[in-house]
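The values are calculated or read from the model by the stated rules, or taken from the named source; none is laboratory data. Model, not experiment: these values are computed from the prediction. Positions of Cβ are generated from backbone atoms using ideal geometry, with glycine treated the same way; all protein chains shown enter the neighbour counts.
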Amino acid sequence: MMARRKPTCGQTASKGYRQAQHQAAKLHKKVARQRQDTARKWAKRVVRDHDAIAVEDFRPKFLAKTTMAHKAADAAIGATQQALLEMGRKHGRDVRLVHPAHTTMDCASCGARTKHALPLSERTYTCTACGVVSPRDKNSARVMLVRAGLNPAGAEGVRPPGALLQEAA
Ligand SMILES: [Zn+2]
């Protein structure tokens, strides 16, 4: 509507154009609020279920150069990360930021780095050094936990080995 009602050069904007402008602004505001709402609800769930969280410290500038440039431009990732950080602070959780470079290229179990980045279509990570095979996203999640100095064994939603013993002691 704005494009159709766009005033020609040198003319003042028509009432219809200003109305369309107002409508578009309202819609964008709604989208932004919906994103914020989803981000907060997600962050709340994550923060409630976990004591320590490691998250990539991505900067929009870094992401813009990667294959996720589209999402970064959408600002949804940044808003979600912000919500997680705020929620973590509010509930006194240990949220650690991790340098995002090579999280998909490193091996979570031996720390070796593959020579080439995996194409996005490749969903399983196979380490060339130690031969470990694991789902791509789980591998990078473990890499992030290791980098944050946390124990990746506790990330599976199960008790890490020794948890029972500690409780008993
Ligand atoms: Zn390995």
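Residues that are more than 16 Å from the ligand (Cβ to nearest atom) and at pLDDT below 90: does the range 82-91 have at least one?
Among the residues of the range 82-91, at least one is more than 16 Å from the ligand (Cβ to nearest atom) and at pLDDT below 90, which makes the answer yes.
Among the residues that make up the range 24-36, is at least one of them outside any strand (DSSP E or B) and within 30 Å of P152 (Cβ to Cβ)?
Yes, the range 24-36 has at least one match.
Output the number of residues of the range 37-56 satisfying the condition of being β-branched (V, I, T) and either not in a helix (DSSP H, G or I) or not assigned by TED's automatic domain parsing to the domain that holds I77 (or both).
2
Kindly provide the set of residues from the range 103-137 that are in contact (Cβ under 8 Å) with a residue 24 or more places away in the chain, within 19 Å of L150 (Cβ to Cβ) and more than 9 Å from the ligand (Cβ to nearest atom), ordered by number.
Answer for the range 103-137, where residues must be in contact (Cβ under 8 Å) with a residue 24 or more places away in the chain, within 19 Å of L150 (Cβ to Cβ) and more than 9 Å from the ligand (Cβ to nearest atom): T103, T104, S134.
Identify, please: which residue in the range 40-57 is among the hydrophobic types (A, V, I, L, M, F, W, C) and touching a residue at least 60 places away in the same chain (Cβ under 8 Å) and is, among those, surrounded by the most Cβ atoms within 10 Å (Cβ to Cβ)?
Step by step, filter the range 40-57, then rank; the result is A54.
On the given criteria, is D94 within 16 Å of the ligand (Cβ to nearest atom) and under 19 Å from the mean Cα position of the chain (by Cα)?
The answer is no for D94.
For the range 92-109, give me each residue that is over 14 Å from V55 (Cβ atoms) and either in contact with a strand residue (DSSP E or B) (Cβ under 9 Å, 6 or more places away or on another chain) or basic (K, R) (or both).
Listed by number, the residues that qualify are H102, T104, M105, D106, C107, A108, S109.
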